[in-house]
1. What are the residues in the stretch 50-72 that are out of contact with any Ser or Thr (no Cβ under 9 Å at 6 or more places or on another chain) and buried (at least 20 other Cβ atoms within 10 Å of the Cβ), if any?
2. Can you tell me which condition Gln334 does not meet? The list is (1) at pLDDT 90 or above; (2) surrounded by fewer than 24 Cβ atoms within 10 Å (Cβ to Cβ), and all the others hold.
3. Return a yes/no flag: does the stretch 226-233 have any residue that is free of Cβ contacts under 8 Å to residues at least 60 places away in the same chain and farther than 16 Å from Tyr191 by Cα.
4. Among the residues of the stretch 538-552, which ones are surrounded by 14 or more Cβ atoms within 10 Å (Cβ to Cβ) and not in a helix (DSSP H, G or I)?
5. Can you spot a residue in the stretch 342-353 that is at pLDDT 90 or above, over 43 Å from the mean Cα position of the chain (by Cα) and among the charged types (D, E, K, R)?
6. Confirm whether Val390 is out of contact with any helix residue (DSSP H, G or I) (no Cβ under 7 Å at 6 or more places or on another chain) and at pLDDT 70 or above.
7. Tell me whether the stretch 542-555 contains one or more residues that are in contact (Cβ under 8 Å) with a residue 12 or more places away in the chain and more than 21 Å from His592 (Cβ to Cβ).
8. Provide a single number: the residues in the stretch 49-75 that are closer than 16 Å to Arg87 by Cα, modelled with pLDDT of 85 or more and outside any helix (DSSP H, G or I).
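The values are calculated or read from the model by the stated rules, or taken from the named source; none is laboratory data. The structure presented is a predicted model; accordingly, all values stated were derived computationally and were not measured. Every residue, glycine among them, receives a Cβ derived from its backbone with ideal geometry; neighbour counts consider all protein chains shown.
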Amino acid sequence: MRRPDTSKAVLGKQVILIQLMLSFSIFCQAEQPSYSVEKWVDKLSVKSDPLMHNWITVTNEILALDTTDQRRAIHEMELRCQKANPRCRIRFSFTKNEISKANPSFAWVTWSLEKTKQMLQLAYEIEDPYLIAFGNKVIANDYWVLGDFGMAVMHTRIAIENMEVLYPDQPTENTFDYYTLGENLYHTREYKAAIESFHIALASLGNPSLLPFDTIENRGILLYLYNTMGLSYQKLHQYDSALIAFDHALKLARTYPNHPWVTLIQGNRGDVFFMQGRYDSAKVLLALDVEGSLAQGPGWADNAANSMQWLARIKTIEGDPKGALEILRASDLQLKKLPKARIQANIYYGFIEAFRKLGNADSVFIYMQKYQHLHDSLEYAAGSAKAEVVQMRLENEANIHRITSLNKEKRRISLIRNFIIVFVLLLSFIGFMVLNRQKLKLKVKQQQALDEKRIAEQEAQSANDQLKLYTRNLIEKNTLVETLQQQLLQKEISEEQKVHIASLSAHAILTDEDWENFKNLFEKVYPAFFYRLRQKVSDLSMADLRIAAMSKLQLSNKEAATLLGIAPNSVLKGRQRLRHRLGLEPETDLEHYFAHSPDF
């Protein structure tokens with residue numbers, strides 16, 4: 001693309017300002033803000049911040065502080081945001097990113113692309129669609145600055161997709177994103193897609209009802225947009241469309257006093273005239289571009305070199321190959337000030353044409369080799385970049401799918417937990433109601449008993465003996481209850497309970513089924529124990545394995561014997577045999593060995 005390197009830094013700063021003004025329609029605040037870290041943290045911590053209004057306000061207020069206050073405020077906010085919710089941490093990271101870009105001389109600012117990716121992953125984890133969209137915008141802009149246009153395309157597209165879902169009826173929200181997408185698509189050689197993206201951006205930029213056109217920022221975007229659109233049409237050999245786009249860009253460039261892009265765009269038009277075979281018109285425009293680029297200094301040396309090589313090729317076509325060689329050598333010297341591989345390839349091709357015209361086969365061969373090597377390198381790099389982007393897109397989608405699946409699993413677990421809680425509460429409520437009903441019944445019965453007692457007292461004296469008998473029986477029953485309670489406290493047990501206890505005590509691992517059930521439970525606690533044991537001694541018997549399991553559980557000989565249904569002496573002999581099989585000393589404690597050996 002015909003754009004000098006010095007404009008990239010300027011463009012990077014303009015990009016930040018334009019993104020704030022176009023993507024969110026909020027202008028920077030010029031007044032000095034109040035210094036309130038708590039207020040900023042509260043603004044960044046809100047759950048919903050449509051179009052990042054709070055974030056922009058906080059960022060602008062911090063940017064309005066002097067350098068000392070900025071450092072102090074950032075430090076305080078970093079400490080507070082670490083204790084706040086994830087949304088605050090994510091938005092603060094974006095704020096710090098913007099401040100580091102606005103103040104690149106700050107040595108204390110160490111913000112990396114990897115950190116921004118971590119914040120984006122956190123946005124996916126909390127499933128905040130706008131933070132996901134904005135995070136992808138931030139990463140896309142970082143990749144753009146780094147010159148990794150393929151990755152910038154991927155993240156810009158993800159941002160646009162999310163924004164279109166969030167705000168389907170607000171086309172201006174993606175205006176800047178479609179513009180940057182077009183710029184990045186041009187650099188990845190997707191020229192048709194770049195043009196389509198530019199047209200979508202123009203639909204809102206050029207419509208006064210959607211966005212005011214006559215602003216410095218919008219005219220700046222349109223200038224870049226039309227120029228890159230013209231270059232895209234040129235790559236597709238649609239020269240008439242390319243000239244129309246360049247004419248629009250030239251008209252905008254002339255609205256800025258002494259704007260250097262006037263000559264640059266004239267040079268782009270000269271390229272098109274050359275490709276159309278209109279050499280006289282091309283020479284005039286290319287010469288103006290060379291003169292204007294040289295006047296701008298070393299930062300425009302690559303642009304001057306590019307136009308000079310086109311002039312040299314015209315010289316060759318017009319029958320002056322020696323004059324062409326002089327211009328090509330001067331072009332080569334200019335390009336050394338600001339090397340560009342694509343322009344270098346064009347210069348080599350110019351040398352090939354000039355030497356071929358002179359009949360110098362050796363020089364043609366030399367420059368043909370240089371051209372072919374550089375051309376193949378460029379094509380290989382472009383192909384590798386596309387493959388890498390595809391791979392990164394797949395990995396990104398897989399990562400998003402993984403995070404989404406984890407979130408679904410968390411929600412499922414939370415739902416199960418809530419269901420269990422509700423179920424327990426319901427059971428507790430039912431239990432309470434049943435208990436309360438029993439108490440009411442008991443109370444009714446007690447009341448009935450009292451009523452019957454009062455009636456009995458009012459009856460004839462003949463019922464007195466029955467009352468005494470009833471009283472005596474009641475005393476006996478109370479005495480029996482007290483006796484049973486004492487027995488319970490003393491843990492006395494009935495014959496039936498003794499039978500049950502004896503039955504439980506008789507349980508042992510006597511059958512294969514008993515062993516399999518025990519083994520399955522044991523392996524859930526110690527998954528690789530038997531596997532590692534067989535790795536150490538491959539021909540262990542079933543009895544050896546059982547003794548090893550008892551030792552791993554640190555059971556005494558008596559306890560192991562009870563569980564295995566054998567005599568304690570048999571357990572002792574089994575442990576001696578196992579020590580021998582494992583190559584251990586006779587006095588080695590198997591329980592200690594299995595508990596502390598790194599093999600188990």
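1. Across the stretch 50-72, the qualifying residue is only Ile56.
2. Of the numbered conditions (1) at pLDDT 90 or above; (2) surrounded by fewer than 24 Cβ atoms within 10 Å (Cβ to Cβ), the odd one out for Gln334 is (2).
3. So far as the stretch 226-233 goes, no, none of its residues is free of Cβ contacts under 8 Å to residues at least 60 places away in the same chain and farther than 16 Å from Tyr191 by Cα.
4. Residues of the stretch 538-552 that are surrounded by 14 or more Cβ atoms within 10 Å (Cβ to Cβ), as a first pass: 540, 543-552.
If the condition is that a residue be surrounded by 14 or more Cβ atoms within 10 Å (Cβ to Cβ) and not in a helix (DSSP H, G or I), then Leu540 is the only one that fits.
5. Checked against the condition, which is being at pLDDT 90 or above, over 43 Å from the mean Cα position of the chain (by Cα) and among the charged types (D, E, K, R), the stretch 342-353 yields at least one hit.
6. Here the answer is no, as Val390 does not meet what is asked.
7. Yes, because at least one residue in the stretch 542-555 is in contact (Cβ under 8 Å) with a residue 12 or more places away in the chain and more than 21 Å from His592 (Cβ to Cβ).
8. Residues meeting the conditions: 0.
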